[in-house]
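Coordinate-derived values only; no laboratory data. Fair warning: this is a prediction, and the values are worked out from it, not measured in the lab. FYI the Cβ positions are ideal-geometry reconstructions off the backbone, even for glycines, and counts take in every protein chain you see.
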Amino acid sequence: MVSIEPGPRDFSALNEAVRKGARIGNEDLEEDDHLNQIIPKPWGMEYRVFVDDFIDVWNLKIDEGESTSMHVHPRKLTYLLCLGGQGVTETLTGRIPVGAGTILRIGGGAFHSSTSVGPGPLWLVEVEAPRNKFDLIRLRDNYDREGKGYEKGHTAIPDLPAKSVSYLPQARLRDHSPGKEFGFSIRAGADIFYRRQPEDLFHIPLGLTGVVTGEFDILAPAQGDLRRPALDQYYLSLAVS
């Protein structure tokens with residue numbers, strides 16, 4: 001895992017953006033229902049995989065040669081997990097190569113941008129805590145979105161509803177990507193430990209420990225990570241379909 005923390009250049013850029021009028025909002029899980037659909041992006045698309053009152057997980061498809069904006073989440077912690085493809089994540093001070101299995105931990109206030117270098121798309125998963133999709137300020141953008149808030153445009157996905165999870169309060173889950181490239185499930189740590197699956201890519205702990213401490217102990221079995229999961233905890237499992 002590579003950790004990206006904010007530094008003097010990030011603080012200076014954030015202060016300048018706020019001085020120029022950039023604002024962040026607050027998401028309402030019920031009112032902002034468009035966030036439960038596919039969000040078309042000029043660089044590709046993204047959609048919500050899992051959400052509860054504290055954690056938000058999104059799948060991003062960045063088309064070859066395209067880039068997200070150089071942006072920041074002042075209030076929340078983000079983990080970027082690479083499911084497939086090749087890319088580069090750029091900060092205000094450097095560049096980090098990204099490939100299948102890469103885990104980036106991005107602290108609140110650290111500017112970042114991801115590019116797909118090909119061949120094909122770059123598939124990323126964003127794990128965000130605390131949940132707030134509107135915690136976003138764009139510094140630079142190839143598509144003239146500097147200073148603009150999160151998109152309102154969306155495309156319905158009627159055949160892939162976000163289903164409630166009865167045993168996790170306020171949780172919703174999609175069980176696969178729209179093109180069925182990846183599958184998503186909630187599994188107990190004991191199930192992961194005793195039934196390891198060759199298609200498993202990542203296991204994301206869903207307890208509140210990571211939200212409170214700012215450290216999610218994400219397991220990456222596809223990279224040979226043989227650490228024992230917490231047997232009494234639920235995980236969001238990401239797998240190749």
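At R0 = 35 Å, how high is the FRET efficiency between Arg227 and Phe134 if r is their beta carbon distance? Nearest 0.05 is fine. Once rounded, the FRET efficiency stands at 0.55.
Based on C-alpha pairs under 8 angstrom that are at least 6 apart in sequence, the chain has a relative contact order of 21 percent.
Shape verdict for region 51-114, please, from the Cα gyration tensor: rounded (a/c under 1.5), prolate (a/b greater than b/c) or oblate. It comes out oblate by the Cα gyration axes.
Taking the longest Cα principal axis of the chain as reference, the axis of helix 8-19 is set at about 70 degrees. For the chain, the residue among Ala188, Pro169, Asn132 whose Cα projects farthest onto the positive side of the dipole built from Cβ charges is Asn132. A straight line joining the Cα centroids of region 46-124 and region 176-224 runs 17 Å. The dipole here belongs to the chain: it is taken about the Cα centre, uses +1 on the Cβ of Lys and Arg and -1 on the Cβ of Asp and Glu, and is about 320 debye. Taking a Cβ cut-off of under 15 Å around Gln223, the surrounding Lys, Arg, Asp and Glu residues balance to a net charge of -2, with basic ones at +1 and acidic ones at -1. Restricting attention to the chain, the count of lysine pairs at 8 or more positions apart or across chains with alpha carbons under 23 Å apart stands at 24.
When the alpha carbon coordinates of region 76-178 are projected onto the principal axes, the ranges are 44, 30, 26 Å, largest first. Taken over the chain, the percentage of Cα pairs per 10 Å bin, counting from 0 up to the bin with the maximum distance, is 7, 33, 40, 18, 3, 0. The trypsin sites (Lys or Arg not before Pro) found in region 7-43 that occupy coil by DSSP, while having at most 13 further C-beta atoms within 10 Å, are Lys20, Arg23.
Let a ≥ b ≥ c be the square roots of the eigenvalues of the Cα gyration tensor of region 8-120; is it rounded (a/c under 1.5), or, if not, prolate (a/b larger than b/c) or oblate? Note, shape of region 8-120 comes out oblate. Only loop residues by DSSP count here, and only those with at most 16 other Cβ atoms within 10 Å; note down the chymotrypsin sites (Phe, Trp or Tyr not before Pro) in region 59-148 that meet that. Answer in residue order: Phe134, Tyr143.
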